[in-house]
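One structure is given below, encoded as structure tokens.
We did not get these values from a lab; they are worked out from the coordinates using the rules stated. Just so it is clear, the model here is predicted, and its values are computed rather than measured. Positions of Cβ are generated from backbone atoms using ideal geometry, with glycine treated the same way; all protein chains shown enter the neighbour counts.
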Amino acid sequence: MDFIVFGGLVADRYFYIDNYPYRGQDTFINGEAVYVGGCAINIAACINNLGGKAHVVSYIGNDKIGEQILEYIKHNGFSDKFVKKTDGESGYCLVFKENNGERTFMTKKGIEGIFDGNLLENLNTINVSAAAVTGYYLINKNASSIMDCMEIMRVSGTKFVFDPGPLVGEIDNSILKRMFRISSIITPNETELAVIEKIEPDFRENFKTKTLIIKKGLRGGTCITPDGEFNYSSVNVNTIDTTGAGDSFTGALCYCLGSNIDIKKAVRMGALCAAKTVQLNAPHGFWKINEEDL
């Protein structure tokens, strides 16, 4: 099955520290590493791990980072059907990772934030089961063009999972409302939901015909569907790095949505995929889910 992931490809520059310092204070860097990252590649990795074929939609720069990204996705079996190089600098994210697994991000946006219809010119060559959208991708001047394409896909039957992300408040209100209208599942955490409800006070009322999943970290979360509400649990594991956990959760939901898997099984799969990711010292990895775990 084919899945589309709307989100930019960047380099994650990791810096390992004991604890993140208070503002104005200092700390030591104990080590560093570079990974191909961004929410989109993390979501795509999860979908591929579950047996789907994910296609990330992103420009990359005609620079060293862009070359590294392209080499990585080809070497690891990711699709490059909707990944295109263009003039400009690729973006990167500084990741400050603490000993307890917590991390702080600082992102330098690059050409991955640009969008036009050329990226999806071969869309009619695949049969899209479902699509995932990251909130970061909608924080740019081309957001309306992205929405135009996704709305056409929705009319054609594509189902969408939307992960608002921590910068949901930076998305233009009209774009955010359009995204809500086409989404089948939306997955904010508690902080993001509070921001959304300030923007859209009647959000929960208007979302009654869809599925709202409120992520609560180690406490699991709450799933609100048109048929009722239930809580789900997280999976208790030894956490090494929380980067990409939410992306893996989103990837699992997207895979399940496209596969017509029951929502209770879907959130269980999402929790298992997130648990797999937090045990890695990287934003994503390559693993399998055992059927008996579900």
Original post:
Placing +1 at every Lys and Arg Cβ and -1 at every Asp and Glu Cβ, with all other atoms neutral, what dipole size does the range 6-165 have around its Cα centre, in debye to the nearest 20?
Top reply: 280 debye
Original post:
How large is ³J(HN,Hα), in whole Hz, for each residue of the range 107-120 in order, when computed from phi with the Karplus curve 6.51 cos²θ - 1.76 cosθ + 1.60 and θ = phi - 60°, using x for Gly and Pro?
Top reply: 10, 9, 6, x, 5, 5, x, 8, 9, 8, x, 4, 5, 10
Original post:
How big is the antiparallel share of DSSP beta bridges in the range 90-165, given as a percent to the nearest 5?
Top reply: 55 percent
Subject >> Among beta bridges that DSSP assigns inside the chain, antiparallel share in %, nearest 5 >> reply: 40 percent
Original post:
Tell me, what HN-Hα J-couplings in whole Hz come from the Karplus equation 6.51 cos²θ - 1.76 cosθ + 1.60 at θ = phi - 60° for each residue of the range 66-83, using x for Gly and Pro?
Top reply: x, 4, 5, 5, 5, 4, 5, 5, 6, 5, 9, x, 7, 6, 10, 4, 10, 10
Original post:
Restricting the count to DSSP beta bridges whose residues both fall in the range 80-206, what percent are antiparallel, rounded to a multiple of 5?
Top reply: 45 percent
Original post:
Dipole size in debye (nearest 20) for the chain around its Cα centre, Lys and Arg Cβ +1, Asp and Glu Cβ -1?
Top reply: 400 debye
**OP:** Give 108/177; 53/159; 53/215; 159/198 a once-over and call out the pairs whose C-alpha atoms are over 23 Å from each other.
**Re:** 108/177; 53/215; 159/198
**OP:** Using 0.36 nm per residue of separation minus the Cα-Cα distance, give me the extension gain between residue 53 and residue 177 in nm, one decimal.
**Re:** 41.8 nm
Subject >> Within the range 120-159, backbone nitrogen closer than 17 Å to the virtual label 7 Å beyond the Cα of residue 209 toward Cβ >> reply: 151-152, 154-159
Original post:
Under the rule of -39500 (n - 2.57) per DSSP H run of 4 or more residues, summed and divided by the residues of the chain, what mean residue ellipticity at 222 nm is obtained, to the nearest 500 deg cm²/dmol?
Top reply: -9500 deg cm²/dmol
**OP:** Kindly write out, for the range 207-217 in residue order, the coupling ³J(HN,Hα) from the Karplus curve 6.51 cos²θ - 1.76 cosθ + 1.60 (θ = phi - 60°), rounded to whole Hz, with x marking Gly and Pro.
**Re:** 9, 5, 8, 10, 10, 10, 10, 9, 7, 10, x
Subject >> Answer label for Rg and Dmax of the Cα atoms in Å (calculated), chosen among (i) 19.0, 64; (ii) 24.1, 76; (iii) 18.1, 54 >> reply: (iii)
**OP:** Among 147, 106, 153, 1, rank each residue by its count of other Cβ atoms within 10 Å, from fewest to most, as a rough exposure measure.
**Re:** 106, 1, 153, 147
Original post:
What FRET efficiency do you get for residue 216 and residue 155 if R0 is 30 Å and r is their Cβ-Cβ distance, rounded to the nearest 0.05?
Top reply: 0.30
